[in-house]
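K.L.:
Questions regarding the structure given below will be posed in turn.
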Amino acid sequence: MLQGGGVDDVVREVHEVLGGDVVVVDADGSVVATTCEDAPPTPAELEAAARTTETSRTVEAAGVVATPVVAGADHLATLMLRRTERLEQGDQRILERSALVTALLLLFRRSVAEAEGRVRGELLEDLLTGADRDPDGLRERARLLGADLMQPQVVVVARLVGDRARVGQAASYSAGVNGGFAAVREGHVVALLPHRDPKVAAALLGEGLRHALGGPITAGAVGPVSGPAAIVTAYDEARRCLEALVSLGRDGEVATAADLGFVGLLLGSGNDADGFVRSVLGPVLEYDAQRSTKLVGTLEAYFRAGGNLTRTAGELHVHVNTVTQRLDRVARLLGEDWQEPERQLEVQLALRLHRLVR
């Protein structure tokens, strides 16, 4: 460790001293380092690793000895030795000392990642607030951190739930290991991730934040875009997508601008979707609820058919006269002017919002 070795070096040393294959897995069961790339951990081995988390002690199972890699109360990983012979007490002490060194290395790696994450977070904050003032300087700072702002980037803006510091650290780490940047800004988690589909980028961030948030991520994602100015524009759009999701009550979902269309633009300022729907369609919704009728469904089919009664009847599998009677009922509930251009636009928008909320 003092010579600059890493976890890979530790597992090689353990392999040479104790024999057998050596594997280090993190708390999620992902391989951190191994001496046998072609032999991933078996379910039985992962179960032994989970038992070390519960007991914080070395566990012996069929063909494997697993010892926890811990720092205080923080379980960082599990060091596993595949060996058929039972470990002698001295060999077990070697394995446990190796786990201690592994813990130090992982803590050091985490500290470096967090420090780099803070620098990247500062760059992201400066990018979002001053891209027009010094774009060349921002690109150079990003280059020194191994990033190229002129390459395709996806902007993800997620809802911040829980402890701000913990979520911020998790976001910085998650973005950093994926070649991006993250910061907490104006009550949101903002991340910049390169060379990805928006939904994929949001899923990566969500996986990294799942424990810190205590559940799935709610986020807007936009991109890919290139250049400081385009990134700022994408940030504004992603934030509007998030605000639209919140307005629609769709927690735990990810949306792009294409998913929400003009609805996202209208709701991006945090307007009350349910209030608008009630103000436009309230009498029709109440009529359907009280009498188990299908006026809302008829309206949706009518607009999909471009106002053609025959096609509407065909889609609903009813007679044209039934469609006419239902639309007459709508006119009595909403007013005879409901098909005038301005009112019709409001009705169609309310139907769209009602479907999204529902």
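K.L.:
Going by the conditions given, is D26 surrounded by 15 or more Cβ atoms within 10 Å (Cβ to Cβ) and assigned by TED's automatic domain parsing to the domain that holds L81?
P.N.:
Yes, satisfied.
K.L.:
Can you work out which of the residues in segment 303-342 that are closer than 25 Å to Q290 by Cα and of a type in the set (G, A, S) is modelled with the lowest pLDDT?
P.N.:
Checked segment 303-342; the qualifying residue modelled with the lowest pLDDT is G335.
K.L.:
Checking the conditions here, which among S174, S226 is surrounded by 23 or more Cβ atoms within 10 Å (Cβ to Cβ), of a type in the set (S, T, Y) and out of contact with any His (no Cβ under 8 Å at 6 or more places or on another chain)?
P.N.:
Among S174, S226, only S174 is surrounded by 23 or more Cβ atoms within 10 Å (Cβ to Cβ), of a type in the set (S, T, Y) and out of contact with any His (no Cβ under 8 Å at 6 or more places or on another chain).
K.L.:
Against the definition (surrounded by fewer than 22 Cβ atoms within 10 Å (Cβ to Cβ) and either closer than 19 Å to A234 by Cα or at pLDDT below 80 (or both)), how does V154 come out, yes or no?
P.N.:
On the way: surrounded by fewer than 22 Cβ atoms within 10 Å (Cβ to Cβ): no; either closer than 19 Å to A234 by Cα or at pLDDT below 80 (or both): yes.
No, not satisfied.
K.L.:
Give the residues of segment 297-340 that are hydrophobic (A, V, I, L, M, F, W, C) and more than 14 Å from Y287 (Cβ to Cβ), sorted by residue number.
P.N.:
A301, F303, A305, L309, A313, L316, V318, V320, V323, listed by residue number.
K.L.:
Based on what the data block shows, is E346 out of contact with any helix residue (DSSP H, G or I) (no Cβ under 8 Å at 6 or more places or on another chain) and within 30 Å of V246 (Cβ to Cβ)?
P.N.:
Taking the combined requirement at face value, the residue does not satisfy it.
K.L.:
Which of the following residues is without any contact (Cβ under 8 Å) to a residue 40 or more places away in the chain and at negative phi: L81, L145, L106?
P.N.:
L145 is the lone residue from the list that is without any contact (Cβ under 8 Å) to a residue 40 or more places away in the chain and at negative phi.
K.L.:
Name the residue, out of E140, E85, E60, that is part of a helix (DSSP H, G or I) and either more than 28 Å from the chain's Cα centre (by Cα) or among the acidic types (D, E) (or both).
P.N.:
Among E140, E85, E60, only E140 is part of a helix (DSSP H, G or I) and either more than 28 Å from the chain's Cα centre (by Cα) or among the acidic types (D, E) (or both).
K.L.:
Turning to a different aspect of this structure: Do we find that A221 is touching a Ser or Thr at 6+ places or on another chain (Cβ under 9 Å) and either part of a loop (DSSP other than H, G, I, E, B) or crowded, with 20+ Cβ neighbours inside 10 Å (or both) in this structure? Working first, answer last.
P.N.:
Details: touching a Ser or Thr at 6+ places or on another chain (Cβ under 9 Å): yes; either part of a loop (DSSP other than H, G, I, E, B) or crowded, with 20+ Cβ neighbours inside 10 Å (or both): yes.
Spelling it out, A221 is indeed touching a Ser or Thr at 6+ places or on another chain (Cβ under 9 Å) and either part of a loop (DSSP other than H, G, I, E, B) or crowded, with 20+ Cβ neighbours inside 10 Å (or both).
K.L.:
Of the conditions (1) under 29 Å from R133 (Cβ atoms); (2) in contact (Cβ under 8 Å) with a residue 40 or more places away in the chain; (3) part of a helix (DSSP H, G or I); (4) not small (G, A, S), T233 satisfies every one except a single condition; which number is it?
P.N.:
(2)
K.L.:
While we're here: Does S172 satisfy being among the polar types (S, T, N, Q), touching a residue at least 12 places away in the same chain (Cβ under 8 Å) and assigned by TED's automatic domain parsing to the domain that holds V246?
P.N.:
yes
The values are calculated or read from the model by the stated rules, or taken from the named source; none is laboratory data. Every value quoted in this text rests on a predicted model; they were computed, and no experiment measured them. Backbone-built Cβ (ideal geometry, glycine too); neighbour counts: all protein chains shown.
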